[in-house]
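Worksheet for the structure shown next.
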Amino acid sequence: MKVTDHIQQAAGKTLFSFEILPPLKGQNIQSIFDHIDPLLEFKPAFIDVTYHREEYVYKELDNGLLQKQVVKKRPGTVGICAAIQNRYQVDAIPHILCGGFTREDTENFLIDLDFLGIDNVMALRGDAVKNEIYFKPEKEGHAYASELVAQIQNLNQGKYLDEELLNSSATDFCIGVAAYPEKHIEAPNLESDIYFLKKKIDIGASYIVTQMFFDNQKFFDFVKRCREVGIQVPIIPGIKPITTRHQINLIPHRFHVDLPDILLHEIIKCKDHQAVQQVGLEWAVSQSKELKAAGIPVLHYYSMGKSDVVHKIAAAVF
Ligand SMILES: Cc1cc2nc3c(=O)[nH]c(=O)nc-3n(C[C@H](O)[C@H](O)[C@H](O)COP(=O)(O)OP(=O)(O)OC[C@H]3O[C@@H](n4cnc5c(N)ncnc54)[C@H](O)[C@@H]3O)c2cc1C
């Protein structure tokens, strides 16, 4: 079922959803099931599965020269989505990127998803390959998520890359896109970022999922600005519980979001790992309760392998 239909059917009740990462290559899918099983109690409306593009690693040869190798450390996005839908009858949402995909790759990926009965896709640009500063699209690929949304939307109208295909069948994907309450790192300012977000919606995206944030006011202000420029679709907040002390530096570095002073000081005061987890948990619960009280349609958790923490949050909120 489409995310937008889930929201409509919920008729004002806040839904629960979460995101998982495919396991590292070499591990099996049981770790994913072990992660999902306890969270089923809260009836997730959908489960997102991230996509991880290739990375370049350098292997030293016997002669001392370095050989560049392309590796994909977390393959399996499509297979995991199929397994989730098959095993749990819960909607699985694969993330799909511009990075590393030609238009042809994208079309073939979408055909697989359509055949698997997947109704939603999260359309993203992706980041630069590790060790490179700027994102580079494939020669025959997309430079921005808006172009990817346009290709999915074309397929939804039965327009394939080969315009001469006869009697082609239209897909019916509900398209989600990303947004950043604290601005995407490359955007010159929030206004410009929201301008391009609106473009993704105008082209055909039906809902938005945000980057994590730790200050609800930033989310509420962001939603207000989006509504002011005419973005009407559901805006789903992404929530990440802090689980380690190290994350107070890692999260701002990797995701370009701020931690509020109070949260920071509470974490710094902690004597051990368990105390940090408790602070992170309480913060996420209080964020969630406030968002739920504000009538937000879905709370989406970045579980990052910590299903026990997300379970505790969901138990307190749903
Ligand atoms: C909810 C969520 C899920 C994610 N899942 C994944 C995942 O599974 N795998 C992964 O690798 N990454 C994932 N990411 C990270 C994402 O790929 C990066 O943040 C990436 O840098 C931007 O992706 P985007 O889709 O927001 O890009 P875009 O919407 O293309 O925007 C990228 C930047 O370009 C600007 N921009 C957009 N259009 C134009 C234009 N026409 N001209 C000039 N500037 C423009 C925007 O303002 C922004 O600064 C996720 C992010 C979020 C928030």
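The values are calculated or read from the model by the stated rules, or taken from the named source; none is laboratory data. The structure presented is a predicted model; accordingly, all values stated were derived computationally and were not measured. Positions of Cβ are backbone-derived with ideal geometry, glycine not excepted, and every protein chain shown enters the neighbour counts. Accessible surface is based on the protein model in full, side chains and every heavy atom, while ligands, DNA and RNA are left aside. Shrake-Rupley method; radii C 1.70, N 1.55, O 1.52, S 1.80 Å.
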Applying the selection to the range 279-314, what residues are assigned to a helix (DSSP H, G or I) and either in contact with a Lys or Arg (Cβ under 6 Å, 6 or more places away or on another chain) or free of Cβ contacts under 8 Å to residues at least 40 places away in the same chain (or both)?
-> Val279, Gly280, Leu281, Glu282, Val285, Ser286, Lys289, Ala293, Lys312
Answer yes if at least one residue in the range 223-236 is in contact with a strand residue (DSSP E or B) (Cβ under 7 Å, 6 or more places away or on another chain), farther than 18 Å from Arg125 by Cα, at pLDDT 95 or above and not hydrophobic (A, V, I, L, M, F, W, C), and no otherwise.
-> yes
What number of residues within the range 85-100 are within 15 Å of the ligand (Cβ to nearest atom) and over 22 Å from Ile208 (Cα atoms)?
-> 1
So which residues in the range 114-135 are charged (D, E, K, R), touching a residue at least 24 places away in the same chain (Cβ under 8 Å) and more than 8 Å from the ligand (Cβ to nearest atom), if there are any at all?
-> Asp114, Asp119, Lys130
Taking the range 146-168 and keeping only residues that are open to solvent by 10 Å² or more (accessible area, probe 1.4 Å) and either in contact with a Ser or Thr (Cβ under 9 Å, 6 or more places away or on another chain) or in contact (Cβ under 8 Å) with a residue 12 or more places away in the chain (or both), one is left with Ser146, Glu147, Ala150, Gln151, Gln153, Asn156, Gln157, Gly158, Lys159, Tyr160, Leu161, Asp162
Conditions (1) assigned to a helix (DSSP H, G or I); (2) within 17 Å of Val209 (Cβ to Cβ); (3) open to solvent by less than 10 Å² (accessible area, probe 1.4 Å); number of the one not met by Val276 | (2)
State whether one or more residues within the range 53-75 are within 21 Å of the chain's Cα centre (by Cα), within 15 Å of the ligand (Cβ to nearest atom), outside any strand (DSSP E or B) and within 29 Å of Ile296 (Cβ to Cβ).
-> no
Examine the range 127-140 for a residue that is buried (at least 22 other Cβ atoms within 10 Å of the Cβ), of a type outside the set (Lys, Arg) and under 22 Å from Phe196 (Cβ atoms), and state whether such a residue exists.
-> no
Starting from the range 249-261, keep only residues that are open to solvent by 100 Å² or more (accessible area, probe 1.4 Å), then list their pairs with residues that are not in a loop (DSSP other than H, G, I, E, B) whose Cβ atoms are within a distance under 7 Å, requiring at least 6 positions of separation or different chains.
-> none
Please tell me if Asp202 is open to solvent by 30 Å² or more (accessible area, probe 1.4 Å), free of Cβ contacts under 8 Å to residues at least 60 places away in the same chain and under 21 Å from Ser286 (Cβ atoms).
-> no
Only one of (1) more than 27 Å from Lys136 (Cα to Cα); (2) more than 17 Å from the chain's Cα centre (by Cα) does not apply to Ala92, and that is (2)
Out of the range 1-30, which residues are polar (S, T, N, Q), touching a Pro at 6+ places or on another chain (Cβ under 8 Å) and either free of Cβ contacts under 8 Å to residues at least 60 places away in the same chain or open to solvent by 60 Å² or more (accessible area, probe 1.4 Å) (or both)?
-> none
